[in-house]
1. Go through (1) in contact with a His (Cβ under 9 Å, 6 or more places away or on another chain); (2) among the acidic types (Asp, Glu); (3) farther than 17 Å from ALA184 by Cα one by one and return the number of the condition ASP140 breaks.
2. From (1) over 14 Å from the mean Cα position of the chain (by Cα); (2) surrounded by fewer than 19 Cβ atoms within 10 Å (Cβ to Cβ); (3) not polar (S, T, N, Q), pick out the condition that doesn't hold for ARG162.
3. Is it the case that SER166 is under 21 Å from ALA102 (Cβ atoms), part of a loop (DSSP other than H, G, I, E, B) and of a type in the set (Ser, Thr, Tyr)?
4. Search the range 166-193 for residues that are basic (Lys, Arg) and pair each with any residue that is surrounded by fewer than 17 Cβ atoms within 10 Å (Cβ to Cβ) when their beta-carbon atoms are under 6 Å apart and the residues are at least 6 apart or on different chains.
5. Which of the numbered conditions does ALA160 fail, given that it passes all the others? Conditions: (1) touching a strand residue (DSSP E or B) at 6+ places or on another chain (Cβ under 9 Å); (2) within 20 Å of LEU90 (Cα to Cα); (3) in contact (Cβ under 8 Å) with a residue 40 or more places away in the chain.
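Every number in this text was worked out from the coordinates using simple rules, so none of it is lab data. Bear in mind that the values here come from a model prediction, so they are computed numbers and not experimental data. Ideal geometry is used to build each Cβ from the backbone, glycine not excepted, and the neighbour counts take in all protein chains shown.
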Amino acid sequence: MLRSIYLFVWLFVAVYSIQAESSPDLASSSFTNLHVKRGIFVTTVSYGDGAGEIIEMILETMGLQASFEVKKANVPNAAAVVYQGKRYILYNPSFIAAMNKAAGTPWASIAILAHEIGHHLNGHTLDGKGSLPAIELEADEFSGFVLRKMGASLSDAQVAMRIIASAKATRTHPAKNDRLMAIADGWNRADDQLNGRDIARKNI
């Protein structure tokens, strides 16, 4: 079954991926007993993989139930796809571990997986068009929003994109600076909510 998913992803499906300008060093790395601050709570995440735990944390933070399956796959980094009417997030575990190693923080992989969840939650995977700059920015904004809710600093939320995004825009993905701004927009919106500023503005 999973092998057929690989084949489908590479040959037919519209893939919504984060797009890496260049992959970080894929040497194996072990991230054990790292602590990710989530609001006032501290959660231990075991790395080398840990994608399932990360996604559970993201969904718990947003108060959502998973409407997709998470699968290890032979993809360059991570991707949100629909196959036979079912939603998946596919990820390369070596890439996830290498991102954390390159960034020096587990927030890198959290941001990447939050981005892919954003594709599903924003309905991007329903139109079959694949990656486009506008929808990549929406997924980036969601990533910034959810990472602020989880306790990340703006720098933490942007660290993955600083490493992997292309300086120039392509047909499918925006330029790095635009992506960093989208993440900041999401982060600031969540920060306003957490500090009550959004309610204050609505009451003016």
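1. (3)
2. (1)
3. yes
4. LYS168/ALA175; LYS176/ALA167
5. Evaluating ALA160 over (1) touching a strand residue (DSSP E or B) at 6+ places or on another chain (Cβ under 9 Å); (2) within 20 Å of LEU90 (Cα to Cα); (3) in contact (Cβ under 8 Å) with a residue 40 or more places away in the chain leaves (1) as the failure.
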